[in-house]
Amino acid sequence: MKTIKIFLASSNELKSDREKFEIEISRKNKLWVNRNIRLQLEIWEDLSAKMSTTRSQEEYNKKVRAVDLFVLLAYSKVGKYTEEEFETAFGAFQKTKKPFLFTYFKTIETGMEDSLRIFKNKLNALGHFYASYANFDQLWNQFNKELDRLLLSDFESNDKEPNAGLNVDNKGTTIKNQFNDGTFNHTTFN
């Protein structure tokens with residue numbers, strides 16, 4: 001059986017959406033068992049809180065590096081740990097073309113924190129089209145379609161050269177550092 005690992009990152013303000021996401025992944029598992037595919041969802045609530053020799057977030061980052069799909073949900077803010085998890089996934093993607101990254105922003109009319117605005121600007125600089133959703137049903141509809149598309153491609157990338165045209169060292173740190181300090185822009189790819 002092929003296992004597809006998914007890491008779901010978000011702040012605690014979207015706890016309800018994360019819980020519903022977990023239920024839907026479980027239901028999708030039941031549908032795909034006859035296709036010999038198992039979806040394994042990693043969420044921070046299920047990870048150990050034991051002391052780490054480095055720091056707890058690094059243990060989460062190890063999980064991020066090992067997944068096939070990375071999903072980020074945000075509403076009014078992007079917390080520093082959620083952003084770090086994205087940066088870790090992005091660095092791994094630049095090296096290996098995995099995990100596939102998906103970003104979903106719950107629609108907010110007022111009360112957007114600077115961290116969300118800054119993060120969206122960074123994604124725009126990467127040329128990444130993030131998705132918006134008003135309620136969980138819209139979120140699941142979008143992500144469920146992505147799962148079906150990935151199933152058709154056997155969860156493989158169509159890209160042949162993992163780092164073609166990218167200004168990145170062998171650990172993905174150049175782009176990650178530029179993403180961190182806000183200097184990352186579309187010219188980095190040239």
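The values are calculated or read from the model by the stated rules, or taken from the named source; none is laboratory data. Just so we're clear, the structure is a prediction, and the values are computed from it rather than from any experiment. When we count neighbours, we look across all protein chains shown, and the Cβ atoms used for this are built from the backbone with ideal geometry, even at glycine.
Structure above, values below:
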read-out: Answer residue from the stretch 103-130, given it is part of a strand (DSSP E or B) and farther than 19 Å from residue 68 by Cβ and is nearest to the chain's Cα centre (by Cα) among those; value: 105
read-out: Checklist (1) more than 30 Å from residue 32 (Cβ to Cβ); (2) at pLDDT 90 or above; (3) not aliphatic (A, V, I, L, M) applied to residue 138, failing item; value: (1)
read-out: Wholly within the stretch 1-96, strands (runs of 3 or more DSSP E) carrying at least 1 residues that are farther than 20 Å from residue 131 by Cβ; value: 2-9, 37-43
read-out: Selection status of residue 132, buried (at least 16 other Cβ atoms within 10 Å of the Cβ), among the polar types (S, T, N, Q) and in contact (Cβ under 8 Å) with a residue 24 or more places away in the chain; value: no
read-out: Per-region count, the stretch 19-45, residues over 19 Å from residue 137 (Cα atoms) and under 21 Å from the mean Cα position of the chain (by Cα); value: 8
